[in-house]
1. Taking the condition of being of a type outside the set (D, E, K, R), more than 14 Å from the ligand (Cβ to nearest atom) and open to solvent by 10 Å² or more (accessible area, probe 1.4 Å), how many residues in segment 306-329 meet it?
2. Has segment 55-66 got at least one residue that is more than 18 Å from the chain's Cα centre (by Cα), open to solvent by less than 40 Å² (accessible area, probe 1.4 Å) and more than 16 Å from the ligand (Cβ to nearest atom)?
3. Of the numbered conditions (1) under 24 Å from T130 (Cα atoms); (2) small (G, A, S); (3) within 16 Å of the ligand (Cβ to nearest atom); (4) out of contact with any His (no Cβ under 6 Å at 6 or more places or on another chain), G79 fails exactly one; give the number of that condition.
4. Can you find, within segment 73-97, the residue that is nearest to the chain's Cα centre (by Cα) among those that are open to solvent by less than 50 Å² (accessible area, probe 1.4 Å) and more than 25 Å from P6 (Cα to Cα)?
5. Which one is nearest to A258 (Cα to Cα) among residues in segment 18-33 that are away from the ligand (no atom under 14 Å from the Cβ) and not hydroxyl-bearing (S, T, Y)?
6. Would you be able to say whether some residue in segment 188-211 is within 16 Å of the ligand (Cβ to nearest atom) and touching a Phe, Trp or Tyr at 6+ places or on another chain (Cβ under 6 Å)?
7. From the list L161, L146, exactly one residue is surrounded by fewer than 24 Cβ atoms within 10 Å (Cβ to Cβ) and more than 25 Å from A96 (Cα to Cα). Which is it?
Amino acid sequence: MDLLTPLELGALHLRNRLVMAPMTRSRATTDARPTALMVEYYRQRAGAGMIISEGIAPSADGLGYCRTPGIYTPEQVEGWREVTAAVHGEGGCIVAQIMHVGRVASHYNKPAGSHTVAPSAIPAKAKMYTDQAGMQEMDTPRALELGEIAGLVEEYRQATLNALEAGFDGVELHCTSGYLPAQFLSTGTNQRDDAYGGSVANRARFALEVMDAMVAVAGADRVGMRICPDNRFNDLADDDPQETFEYLLEQAAARKLAYLHVIRMPKGRVDNIALGQRYFPGRLIANESFDLQEAEDAVAAGEVAAVSFGRAFIANPDLAERWRARLPLAEFDIATLYSPGPEGYTSYPPAV
Ligand SMILES: Cc1cc2nc3c(=O)[nH]c(=O)nc-3n(C[C@H](O)[C@H](O)[C@H](O)COP(=O)(O)O)c2cc1C
């Protein structure tokens, strides 16, 4: 078994095991629509075994960064349909990462009338970039009322339905990096005293209800989940990430998801890959700072089913072909990661 061997993840068919990791690139319109440039960007990278899209908001409240896309209006769904058609036209596979930022937001980056909401009214002590006012402190979120939470779960359900209508092959629940499901899971961001806070079962309730809603629409064999226990990104802190994620994974295991996408964290308190291997009986995709040979070895050893690459796909749209031919990799330009326009986005050529 090697990186170029095909793979089935539930109902998802991957022609190789080089997965493109989800990457926010801030090329959407200010009303969160995918653009023709994004169609071209994803088309160029369709040689990945599977593309996981950039984080896509299930509602206006779910947006937090500038020029990021949503999937809650007909125009957005229409835009995504062109992206998925382009990827499928090249024989590729693409899933939508559903990402609600919760408190990780600046009101400058949000549409009028939208709100910054979270389990508790605790702001992330961090700044983010805005087009209008440069770096800004993140908003202080409004704590969600108990009666509002079912509506949030419904947003994920509808977003999943919309993603399927837009032609995505499946959906990935973004359950890390300090965004909304992680805010519910973690003791530092969740100080609720109702059914969604306190015990690990209560803190995991939101993520599991969302997962169930996504599964109800897409089928478990088209739903994946992304985790990174002990991830401190966006000012996240949990007293006992091992316990939290053991519980979450035991519950997810029973739901038979298509895959678990695990970001490793060698310096964290948890061995994330080992945790995934132990508590999730399905297929694992590993991520974070793999080089291609290391990924090949991990797949060959049967440690994981596939490996995802983020940064390597930025300047190497044909990453799988480069690996096949053992060609050298190009370096990406950090200055154009999130800048508008084609430069540093669709401007990286294939090797041949
Ligand atoms: C520009 C950029 C944007 C990212 N956006 C997202 C995102 O929207 N969702 C997500 O889950 N991870 C996101 N990540 C994290 C990547 O998916 C990945 O975990 C990270 O780049 C480490 O993998 P690598 O070492 O192969 O680059 C982003 C990373 C980069 C570099």
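1. 3
2. No, segment 55-66 contains no residue that is more than 18 Å from the chain's Cα centre (by Cα), open to solvent by less than 40 Å² (accessible area, probe 1.4 Å) and more than 16 Å from the ligand (Cβ to nearest atom).
3. Unmet for G79, out of (1) under 24 Å from T130 (Cα atoms); (2) small (G, A, S); (3) within 16 Å of the ligand (Cβ to nearest atom); (4) out of contact with any His (no Cβ under 6 Å at 6 or more places or on another chain): (3).
4. W80
5. Of everything passing the filter in segment 18-33, R33 is nearest to A258 (Cα to Cα).
6. yes
7. The match here is L146.
Here is a yes/no grid of residues against (1) surrounded by 24 or more Cβ atoms within 10 Å (Cβ to Cβ); (2) under 27 Å from A11 (Cβ atoms); (3) aliphatic (A, V, I, L, M); (4) within 18 Å of the chain's Cα centre (by Cα):
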{"position": "E155", "(1), (2), (3), (4)": "no, yes, no, yes"}
{"position": "P181", "(1), (2), (3), (4)": "yes, yes, no, yes"}
{"position": "F184", "(1), (2), (3), (4)": "yes, no, no, yes"}
{"position": "S199", "(1), (2), (3), (4)": "no, no, no, no"}
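The values are calculated or read from the model by the stated rules, or taken from the named source; none is laboratory data. Here the structure is a predicted model, which means the values were calculated and not measured. A quick note on method: Cβ atoms are made from the backbone with ideal geometry, for glycine too, and the neighbour counts reach across all protein chains shown. Just so you know, the surface numbers come from the protein's heavy atoms only, side chains and all, with ligands and any DNA or RNA stripped out. Shrake-Rupley method; radii C 1.70, N 1.55, O 1.52, S 1.80 Å.
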